[in-house]
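Read-outs throughout are calculated quantities, based only on the coordinates presented, and are distinct from any laboratory measurement. Just so we're clear, the structure is a prediction, and the values are computed from it rather than from any experiment. When we count neighbours, we look across all protein chains shown, and the Cβ atoms used for this are built from the backbone with ideal geometry, even at glycine.
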Amino acid sequence: MTDSSTVLIDARGLKKVYGRPGDKAGFTAVDGIDFQVRRGEAFGVLGANGAGKSSTMRMIACVSPVTAGSLRILGYDSGTDGARIRARLGVVPQDDTIDTELTVRENLLIYGRYFGLPWKVLRERSSRLLEFTRLSEKADDAVATLSGGMRRRLTIARALINEPEIVLLDEPTTGLDPQARHLLWERLFQLKQDGVTLLLTTHYMDEAEQLCDRLVVMDAGKIVAEGTPAELIARYTLREVLELRFAPGERQTMTDKCRGLAERMEELPDRLLLSTDNGEETLSAVHRQGVQPLTALVRRSSLEDVFLTLTGRSLLD
Amino acid sequence: MDTLARAFSAPAFRELGYWLFRYRRTWRGSIVISIGNPLLFLTALGLGLGTLVDREDSAYLHGHSYLTFILPGILIAGVMQTAFLEASGPVMQSALPRGSYRAAASTPLEPTGILYGHLMYWTLRATQNAVLFVCVSMFFGTVDPARAPLLVLIAVLVAVAFAAPAAAWAVTVSRPSQINAMFRFVVLPLYMFSGTFFPIEQLPVPLQWVAWATPLWHGVDLGRTVALGTATPYGVLVHIGYLSVMVVAGLYVARRTYRRKLYV
């Protein structure tokens, strides 16, 4: 059903500068990035706040003109064929634009009208989508009564009203509680199974690992790495990480004692991370040095560590 | 039929559809206001103030009763005020990051379609207000039924002439206080000093010049001269020309400000 060789989004040298053209004080949010998204893929853009993720998303959604480079979506040019592209996109923005004066179902209906879809089609689709997003019971309620997770699911239902080929999700689970996040992931996974191409930005590692077939890591407007989650972890980290926490007064002395015990060491505000191929061995070495952490945890390396290695910063900074 | 169906599925009509869909919730209240408003004015200014004014013949009123004189003024000034209010606050709100314009902009609609759709809505609302106002006035015998349709057309022209520039400006605004300031320092003085309640010939000459330059005076004078049967072809042309320039200039600027705001 899906032809994985078809490139649906093709960005080359993509650049976004805010401010007037030629203005030297302009702010470069996206600085010449290249990437391709293929049909049926779940593609992630991982990065800290301000890395250029949302600017990239807005350009792909054709609501933000490209400053330089080329951006082709579904075979069309984003600059000249915006309306035609948007007709086949589903957009889940970071700030949801749900109409709080309408009911849940009315939000779907009226949004569908923007696509020129007939009422009959919309009535059928909205019932189906409310079921898909587990909102059927809330169909005739005011939007104001929805929880954060329900609102986000409504935004997703709305984004699917035109049966889009690509769904853009800008930080879909930011601000949601764990239960709401898991339900959302499960629904997004289902969409992926149905062959919908997903493009999502996130600053949550677990989200990227759960959902993305392939991802790029962005930092300061540039792509610093690209690959599957497993590839990135293998390429940029050692197998395990030893996390140590210290009593406030002892941090510096203890940290100094740990130097040289692991191939790579990252100091975070609240803990010390030692990258190693064998966490237990490193922990023994730490103890032999007379280091007495409050807590010690050995875990497998994750995308968080990839990000730390690549940027020297934690994602949630 | 097919062409008609296609025309109505044009992007601007989809945006109009959104506003009409929302209007379903408030239309009853809005009709009560549209009828109540002229009733209040007619009672207070006709039976109240008018009785006082009409006690002595004023040359400025050219033999008309005060009520007959101010009625077109109140209609036009009221339409202007409503047009400003509907094209400022809601436009600002809609253009905010969570606003309805943002939702529409992520669909095939372009900023121009969004603008035209919303403008059609204001036009319909102004038509509704003007028709009801004129009907109430005819009931009181203060408007000649033969001239009533013309008065409605003029009111709608004035509404668009104010809504277009108001929207062009409001889409760039991000704080409600700016809209309040504009209302207090521009719209209300216009309402008071554009000949709505008194002939501007009563003002000192320098102020008369100011009044002639203001857009609302052109609307009020056009409405009043047509309603009282004193219109001259030259006056009508100047007034319609002035208001049309406002429509065209307002739309010209609004198309740009909408695009700049929605496509960052």
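Rounded to the nearest 0.05, the FRET efficiency derived from the C-beta distance between residue B:47 and residue B:138 at R0 = 25 Å is 0.90. Excluding same-chain neighbours fewer than eight residues apart, the lysines reachable from residue A:16 by a Cα-Cα span under 27 Å are A:24, A:53, A:222, B:261. The length gained on full extension between residue B:237 and residue B:65, counted as 0.36 nm times the residue separation minus their Cα-Cα distance, comes to 59.2 nm.
So which residue, out of A:284, A:147, A:64, gets the largest mean-square fluctuation from a GNM of chain A using Cα contacts under 10 Å as springs? Top of the fluctuation ranking is A:284. Each peptide among B:36-42, A:47-53 gets the average number of other Cβ atoms lying within 10 Å of its residues, and from highest to lowest they stand as A:47-53, B:36-42. Peptide packing for B:169-176, A:266-273 was compared via the average number of neighbouring C-beta atoms within 10 Å per residue; ordered from the highest value, the list is B:169-176, A:266-273.
Region A:239-263 and region B:16-33 have Cα centres spaced 65 Å apart.
Taking amide H as placed 1.01 Å from N in the peptide plane, the amide H of residue A:219 sits under 5 Å from that of A:224, each at least 5 places away or on another chain.
If you take each beta carbon of peptide B:200-209 and count the beta carbons of other chains within 10 angstrom, what is the mean?
Values: counts 0, 0, 0, 0, 0, 0, 0, 0, 0, 0.
Shielding by partners across B:200-209 averages 0.
Note on residue B:263 and residue B:146: the extension gain reaches 37.4 nm, defined as 0.36 nm multiplied by sequence separation minus the Cα-Cα distance. For region B:50-103, applying the loop criterion from DSSP together with a ceiling of 12 other beta carbons within 10 Å to the trypsin sites (Lys or Arg not before Pro) yields B:55. Seen against the Cα atoms of chain A and their longest principal axis, helix A:178-193 is set at about 60 degrees.
The helix-based estimate of mean residue ellipticity at 222 nm for the protein assembly as shown, built from -39,500 (n - 2.57) per DSSP H run of four or more residues and divided by its residue count, is -16000 deg cm²/dmol to the nearest 500. The Cα-based radius of gyration and maximum Cα-Cα distance (Dmax) for region A:124-231 are 14.9, 46 Å. With the simple model of a label 7 Å out from the Cα in the direction of the Cβ, residue A:80 to residue A:288 spans 6.8 nm. The alpha-carbon of residue A:120 sits under 16 angstrom from the alpha-carbons of these aspartates and glutamates, leaving out residues fewer than 8 places away in its chain: A:106, A:163. With R₀ fixed at 56 Å, the C-beta to C-beta distance from residue B:178 to residue A:263 puts the FRET efficiency at about 0.45.
I'd like the mean, over residues of A:78-89, of how many other protein chain beta carbons sit within 10 Å of each residue's own Cβ.
Values: counts 0, 0, 0, 0, 4, 6, 1, 1, 6, 2, 1, 3.
Neighbouring Cβ atoms belonging to other protein chains average 2 per residue here.
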